[in-house]
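Colleague: Below you will find the structure I want to go over with you.
Nothing in this text is a laboratory measurement; each read-out follows from the coordinates by a stated rule. It should be emphasised that the depicted structure is a prediction, and the values quoted were computed from it without experimental measurement. With ideal geometry, Cβ positions are generated from the backbone for all residues, glycine too; neighbour counts draw on all protein chains shown.
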Amino acid sequence: MLLFIMWLLIPTIFSAYFSGRLMYMILKNLTNTQSLKKSKQPVRTLVVIGSGGHTAEMLRLMNSMNKLKFMPRLYLLADTDTTSRNRVENDESGLEWSIATIPRSRHVNQSYLTSIFSTIYAIFITVPMVLSFKPDLVLCNGPGTCVPVCLVAFIMKLFHYADTSIIFVESICRVKSLSLTGKLMYFIADLIIVQWPELRQKYGQRVKYLDEGLNL
């Protein structure tokens with residue numbers, strides 16, 4: 001009887017603990033006042049590359065940072081995005097960096113219904129990559145490619161596997177509201193950076209205006 005009671009209690013206790021931790025992490029993010037923990041040096045950095053203008057924005061941000069503080073760097077991009085791959089290879093001149101590819105979570109004009117299945121597949125492929133790299137920081141912007149990466153990083157933190165900070169940079173094209181990806185990141189990112197003061201005013205302390213400085 002005692003073993004039976006323990007068999008019932010142990011899953012319940014674990015479930016209650018992780019449910020409470022999940023709520024704590026989300027509430028902590030929602031009430032975040034734009035502060036990140038002091039990271040050790042150097043910082044293992046996973047950079048999620050979008051495509052087109054998203055790639056240009058992310059590479060511009062990376063070039064404004066001291067890359068010696070952010071190494072090794074793993075650039076993660078869609079497996080069909082050869083243009084962005086070439087741009088990263090041409091832009092990177094430092095040490096300890098590499099490129100990996102994952103399937104797109106959602107293709108252009110793909111329905112939201114079918115994108116659920118493609119996102120699940122992308123998460124399945126992403127898990128071993130993120131687990132093996134075990135980043136201190138995930139830096140991403142724009143498209144849905146970053147969603148499975150950030151979800152895996154968030155779950156790693158949930159289960160105490162890694163204390164990964166997630167920084168999401170909203171596209172400069174978003175002036176009045178966050179993108180769909182930004183709205184999802186609103187709940188799990190440690191820091192959301194916007195590039196228009198209108199978004200800063202709309203979302204308050206939850207976001208940081210790029211011109212205020214990142215101190216990365």
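Colleague: What's the FRET efficiency of Ile125 with Ser177 using the Cβ-Cβ distance as r and R₀ = 30 Å, to the nearest 0.05?
Modeller: The formula returns an efficiency of 0.50 here.
Colleague: Also, I was wondering about something else. For a quick check: with amide H placed at 1.01 Å from N, whose amide H comes under 5 Å from Ile166's, ignoring anything fewer than 5 positions away on the same chain?
Modeller: Amide H to amide H, under 5 Å and 5 or more residues apart or across chains, Ile166 pairs with Val138, Asp190, Leu191.
Colleague: Between Asp163 and Asn63, what is the spin-label point distance in nm, taking each point 7 Å from the Cα along the Cα→C-beta axis?
Modeller: In this crude spin-label approximation the distance works out to 3.4 nm.
Colleague: If you keep only loop residues by DSSP, which trypsin sites (Lys or Arg not before Pro) in region 152-203 have at most 13 other Cβ atoms within 10 Å of their Cβ?
Modeller: The qualifying sites are Lys176.
Colleague: Where the centroid of each part is defined by its Cα atoms, how far is region 52-95 from region 167-214 in Å?
Modeller: With region 52-95 and region 167-214 each reduced to a Cα centre, they are spaced 21 Å.
Colleague: Follow-up question, since we're still on this one. Using a cut-off of 14 Å between beta-carbons, work out the net charge of the residues near Thr82 (Lys and Arg +1, Asp and Glu -1, Thr82 not included).
Modeller: After counting each charged neighbour, the total is 0.
Colleague: Right, something else. Along the Cα→Cβ direction, 7 angstrom out, place labels at Ser132 and Leu95. What is the inter-label distance in nm?
Modeller: With each label placed 7 Å out from Cα toward Cβ, I get 2.3 nm.
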